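Read through the structure below, which is laid out as structure tokens, and then see the notes.
The values are calculated or read from the model by the stated rules, or taken from the named source; none is laboratory data. Note that this is a predicted model, so its numbers are computed, not measured. Using ideal geometry, Cβ is built from the backbone for each residue, glycine included, and neighbour counts are taken over all protein chains shown.
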Amino acid sequence: MLKAAVHARSMLAVIVLVVLATIGAEWDKAAAGPLAANRAYELVSPTDKNGGDVMGDSSRVRIADTGDSVTFASLTGFGDVQGTGIAVDYMGIRTGASGTPGWTTHAITPPQDPATFVEILAADAGYMDEFSPDLRRGVFRAVSPLTNDPNVAGVLNLYRRDDLQAAGTGSYRLLTLCPLCDATRSPLPPLPAFGPGLLVPMYAGASSDLEHVAFEDRQNLTSDAPPQSFLCSRIPTFCNVRVYEWDHGQLRFVGLVPPPGQPSCGGNGPACVAAPSSVAANGAGAQNPGSITRRPLHAVSADGSHVFFTVPASSNDSAGDVYMRSNATTTDKLNASERTDCADDPTCGGDGIPDPAPDTAKSAQYWTASTDGSRVFLTSSEALTDDTPTGGDKSLYMYDTTKPASDPHNLTYLNVDREVGQPSNDVAGVLGASDDGRYVYFITNGQLLPGGPRVVDGRGIFLWHDGVIRFVGDLVGGQDTELYPTGVNYRLTQAQARVTPDGRRLLLAAHNGAGLQPKFDHGSCLGSFGSGCLELYVYSADTGAVVCASCSQNGITPTTEAFSTVRVNSSQAVQSAYLSRAITDDGEKVYFTTGEALSSDDTNGRTDVYEYDGASNAQRLITSGKGRADSYFMNVSAEGRDVFFITRDQLVGWDTDGSYDLYDARVGGGFPDPVKPAASCSGPQCQGTPGASPLAPIVGSRAFEGAGNLTGTLRARHSKACRRGFARIRAHGKRRCVRRAANRHSRRAGHPRGAVRHQRRGK
């Protein structure tokens, strides 16, 4: 019986351990949640981050075109960290090596000396905006010198790193060269104590291979840059901005413009002259420090042949005359009037119709361009073509360099109003354009189509496509955060709008969907200034339909925002103007962050990452939906295979801390978890696997006395049970004390003298 009981108890313990392990495995599986589209989680950031988090800044998460490498940042140094600004940038590379999480990480921030207070105020060290598509090259702004070039100590500079995929300090080339300084051996002035942000070089744009890089600087770096004013040497506020281009190791001054009254210069035209001031077409920030326009602007064409810039109308204005510098030889004024200069003359043009006179010259604003620079989009209050009405409204124009030489007109007026009786047709701005410039989405306060729905509160969205205008929808309430990010709410510091490369899909955000898809109620959210909760919509140029990607399909009124870009846990680290991808290149899938439970598996009441599939009109949970902290979408690869997000959830066995990590939810991905050591246990429930039962002891009257050997007080008490002259014996199953004289009787009763003597000793 004893043997059976021990065996049964041991088997029960083993069963309990197996059940607990199974429950734990199923709990881990449940915590990960159902993952859509055959995706599997992969831990990108390292398992040991020195107690730090991955920053929640989507502008610093860039994906290689293969999806197998990605950059991210942290306020903590870990791994092979070489240097740091306020934050450190890292490169994650997917290796798939056995016995690892499948990703390796190395730091890509170069060594930097401790920054002074003035340097911190001026600018943080960090990578700027776009990298090369393969993530091998990037532009870094540094406080400390990274090369042996002269005249760089104490001056903020831009460098290009060429080996981002390799660990180590890196290989760099100085972009902010100073040929003028090399010729005169006169060093650049250090950062001033007054106005520290005004001598900061600002990245403006680059070609795809980063062999052409444009930037702004308030210092004269070349001999053909125009002289600065007398006050500039004393007060940086009075220094004019210059645009420069680094081209395969050579630095050029870009701000060369046609003489007054001429539309172009260079080549076979008149000689170009140096503009007193020039700013990058994307408003890089040297003109107004800290004001970066966050849109895909293509200030430099993909092949580097075109650089776009503006000569401002005043010292604190980013608008003015818009120019295109081509192949470092010619410059064209893009907002030069093309109206016929023969007003009221019916013989002009030979058609007998009087032609309008040129309008009063006014400023223009650059918005974006096709990737090859052949089509450029700008707005101006000046009527630049014969078919543009006068009156001061801003009109949208396309400057087309592909028109034949026989056609002297490069400008096309786009927001043509065909609805009579409109009080205004003022273009607020451009949301984006296709890579080839054949699709452009813009906002105006007029209804352009005859019989079309009335635009409410002046924010109608329209599409121009090869000369045809279509109405997309209305931003009710006049919300225009897509054009002018406020910076008050971190979710609005970058535009949410995206246009697919082919231009057939537009992703945009709105606080009120009544003018887009009135089916959904936007509720009311804190931080939206009394407006409805921000939701994401997708317009299809193929069908003309608008769908809400982030709205609850069950009609539940939202209480939180939905957003595609984010900046959290980033302190004062530099923010890039890079716009992460939020819609796949084919326009079929959208990725976003929301606090709404759009899936029954989302039960944590926190923000989670979702995928919207337009083909099935379905919303799928990407993150677990069960974590105790917010998760945020960061970026997605072009075809949607790799969805990168940060979370505190431990979604794979390699993740052993509660910090924010960068994950990839990858189609066809996943790596084996580490082999876990055998679980340890203690206590009576841990008996191990039962073996053979021990042999029972041989018991005899000479050794066995009932309950066994007693110790301590209890043993002493029993050893004194018989007083002197008496002996303790056992007879007929009972113990008693008898006089020694009775010993002979005891022996006759079957108790040998040895046994009595043994008992008297208490054994």
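Does the stretch 163-214 hold any residues that are modelled with pLDDT under 95, crowded, with 16+ Cβ neighbours inside 10 Å and of a type in the set (Phe, Trp, Tyr), and which are they?
Passing the criteria: only 203.
How about the stretch 134-180: which strands (runs of 3 or more DSSP E) wholly inside it have at least 3 residues that are touching a residue at least 24 places away in the same chain (Cβ under 8 Å) and not hydroxyl-bearing (Ser, Thr, Tyr)?
Once the strands (runs of 3 or more DSSP E) in the stretch 134-180 are filtered for at least 3 residues that are touching a residue at least 24 places away in the same chain (Cβ under 8 Å) and not hydroxyl-bearing (Ser, Thr, Tyr), what remains is 138-142, 157-161.
Is there any pair linking a residue in the stretch 461-476 that is of a type in the set (Lys, Arg) to one that is assigned to a strand (DSSP E or B), with Cβ under 6 Å and at least six apart or on different chains, and which?
Going by the 6 Å Cβ cut-off, the qualifying pairs are 470/463.
Using the structure shown, decide if residue 664 is crowded, with 21+ Cβ neighbours inside 10 Å and part of a strand (DSSP E or B).
Yes: the conditions hold for residue 664.
List pairs: first residue in the stretch 217-237 and at pLDDT below 85, second residue basic (Lys, Arg) anywhere in the structure, Cβ distance under 7 angstrom, at least six positions apart or on different chains.
That search, which allows pairs on different chains as well, returns 236/218.
Suppose the filter is surrounded by fewer than 17 Cβ atoms within 10 Å (Cβ to Cβ) and either free of Cβ contacts under 8 Å to residues at least 24 places away in the same chain or farther than 24 Å from residue 472 by Cα (or both); does residue 545 pass it?
Judged against the criteria, residue 545 is a match.
May I ask you to verify whether residue 452 is touching a strand residue (DSSP E or B) at 6+ places or on another chain (Cβ under 6 Å), assigned to a loop (DSSP other than H, G, I, E, B) and modelled with pLDDT of 75 or more?
Details: touching a strand residue (DSSP E or B) at 6+ places or on another chain (Cβ under 6 Å): yes; assigned to a loop (DSSP other than H, G, I, E, B): yes; modelled with pLDDT of 75 or more: yes.
In short, yes.
Counting only residues that are in contact with a strand residue (DSSP E or B) (Cβ under 7 Å, 6 or more places away or on another chain) and aromatic (Phe, Trp, Tyr), give me the strands (runs of 3 or more DSSP E) lying completely in the stretch 348-439 with at least 3 of them.
none
What single numbered condition from (1) free of Cβ contacts under 8 Å to residues at least 12 places away in the same chain; (2) more than 21 Å from residue 587 (Cα to Cα) fails to hold for residue 630?
Of the numbered conditions (1) free of Cβ contacts under 8 Å to residues at least 12 places away in the same chain; (2) more than 21 Å from residue 587 (Cα to Cα), the odd one out for residue 630 is (1).
Can you tell me which residue is surrounded by the most Cβ atoms within 10 Å (Cβ to Cβ) among those in the stretch 402-426 that are of a type in the set (Ser, Thr, Tyr) and under 30 Å from residue 371 (Cβ atoms)?
Restricting to residues being of a type in the set (Ser, Thr, Tyr) and under 30 Å from residue 371 (Cβ atoms), the top hit is 412.
Where residues in the stretch 231-249 are surrounded by fewer than 19 Cβ atoms within 10 Å (Cβ to Cβ) and more than 33 Å from the chain's Cα centre (by Cα), which of them is farthest from residue 158 (Cα to Cα)?
Among those residues, the one meeting the criterion is 231.
Residue 96 fails exactly one of the following numbered conditions: (1) in contact with a strand residue (DSSP E or B) (Cβ under 7 Å, 6 or more places away or on another chain); (2) on the phi > 0 side of the Ramachandran plot. What is the number of that condition?
(1)
Exactly one condition in (1) part of a strand (DSSP E or B); (2) surrounded by fewer than 20 Cβ atoms within 10 Å (Cβ to Cβ) is false for residue 599; which is it?
(1)
Considering 139, 143, which residue is modelled with pLDDT under 95 and of a type in the set (A, V, I, L, M, F, W, C)?
Working: 139 fails: modelled with pLDDT under 95.
After applying the criteria, what remains is 143.
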